[in-house]
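For reference, the structure discussed in these notes is given below.
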Amino acid sequence: MVAAVHTELATLGDLTGHQALAAAAVALARILDSGQNVPTWPAAVKQLAALMATLHREAEPRRGRLQAVQVMSKPSRPGAG
């Protein structure tokens with residue numbers, strides 16, 4: 001799980017400001033890799049899924065309102081307007 005989480009985190013790009021969430025995801029993956037923590041696996045899986053969803057959401061580029069308006073107001077035909 002740790003290797004899988006590291007691989008997935010690497011695909012997300014810049015996680016500046018979210019290093020603690022990424023570290024928590026790795027820590028939860030370590031729990032899932034440990035055979036001594038089997039009773040905690042269901043909770044760890046749930047938390048890991050939630051953390052990864054948050055990290056994916058935070059890693060997505062955000063468009064500001066101005067950019068969205070500019071995209072909507074661009075002419076749809078080349079050479080128009």
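What follows is calculated from the coordinates using simple rules that are stated; it is not laboratory data. Predicted model only: the values in this text are computed from it and were never measured. Cβ coordinates were reconstructed from backbone atoms using ideal geometry, including for glycine residues, and neighbour counts include every protein chain displayed.
Side notes on the structure shown:
- Working note: Karplus 6.51/-1.76/1.60 with θ = phi - 60° gives the stretch 25-33 the couplings 4, 5, 4, 5, 5, 4, 4, 5, 7 Hz, where Gly and Pro are set to x.
- Summing charges over all other residues whose Cβ lies under 14 Å from the Cβ of ALA53, with Lys and Arg as +1 and Asp and Glu as -1, gives -1.
- Simple spin-label estimate for ASP33 and ALA20 gives 2.4 nm between the two label positions (7 Å along the Cα-to-Cβ direction from each Cα).
- Other residues within the sphere of radius under 14 Å centred on the Cβ of ALA44, judged by their own Cβ, net out at +1 (K and R +1, D and E -1).
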